[in-house]
Amino acid sequence: KAGRDIRAVGDSPELAIAIGINPETVLLRAFLLGSGIAAAAGLVAALDTDLRPTMALQPLLLGIAASVVGGTYGIGGLVVAALGFAAIQNCSAWFVPSSWAEPLALAALLFTLFLRPRGLWSEQRRLE
């Protein structure tokens, strides 16, 4: 019955309502079922590949730093900031040990925030 309801709502939500199927309930159940299957697959993959909760912390931190430096008023500043962080990380390996790549990128963030607290490409707004 659940599969039939999902197919009915997927084909035509209006006709599903006409025959007494609530599309919101069906979509919620389908979303919960899909999320449960994805969670189970993620759990099995985590047990197999030794995943840790903090694995994505470093890329997330650099992504947030790029969005802060790039400003929130356009995608161009974000792209330039992300490429700048990547260049700092990769080019720093020529001069210092590679373990210093991320600290140097975060030092560039602090330097940029010291010079331009609103980011490089942010608009200056006055409070009136």
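Quick check on region 28-51: of everything there that is surrounded by 12 or more Cβ atoms within 10 Å (Cβ to Cβ) and assigned to a helix (DSSP H, G or I), which residue is modelled with the lowest pLDDT?
Per the stated criteria, the residue is Ala46.
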Out of (1) assigned to a helix (DSSP H, G or I); (2) at pLDDT 85 or above; (3) surrounded by 11 or more Cβ atoms within 10 Å (Cβ to Cβ); (4) not polar (S, T, N, Q), the odd one out for Gly77 is which? (2)
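Just the residues that are surrounded by fewer than 17 Cβ atoms within 10 Å (Cβ to Cβ) and of a type in the set (Asp, Glu), please, taken from region 1-18. First the steps, then the outcome.
Of all residues in region 1-18, those surrounded by fewer than 17 Cβ atoms within 10 Å (Cβ to Cβ) come to 1-4, 7, 10-15, 17-18.
Matches in region 1-18: Asp11, Glu14.
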Residues located in region 87-116, provided they are open to solvent by 40 Å² or more (accessible area, probe 1.4 Å) and closer than 14 Å to Gly63 by Cβ: Gln89, Glu102, Leu106
Going residue by residue through region 57-64, is there one that turns out to be touching a residue at least 24 places away in the same chain (Cβ under 8 Å), on the phi < 0 side of the Ramachandran plot, assigned to a helix (DSSP H, G or I) and not aliphatic (A, V, I, L, M)? yes
Candidates Thr72, Thr54, Thr25 - the one that is without any contact (Cβ under 8 Å) to a residue 24 or more places away in the chain, β-branched (Val, Ile, Thr) and in a loop (DSSP other than H, G, I, E, B): Thr54
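The values are calculated or read from the model by the stated rules, or taken from the named source; none is laboratory data. If you're wondering where the values come from, they're calculated on a predicted model, not measured in any experiment. Because the Cβ atoms are built from the backbone with ideal geometry, glycine has one as well, and the counts that use them run over all protein chains shown. What goes into the accessible areas is simple: the full protein's heavy atoms, side chains included, and nothing from ligands, DNA or RNA. Shrake-Rupley method; radii C 1.70, N 1.55, O 1.52, S 1.80 Å.
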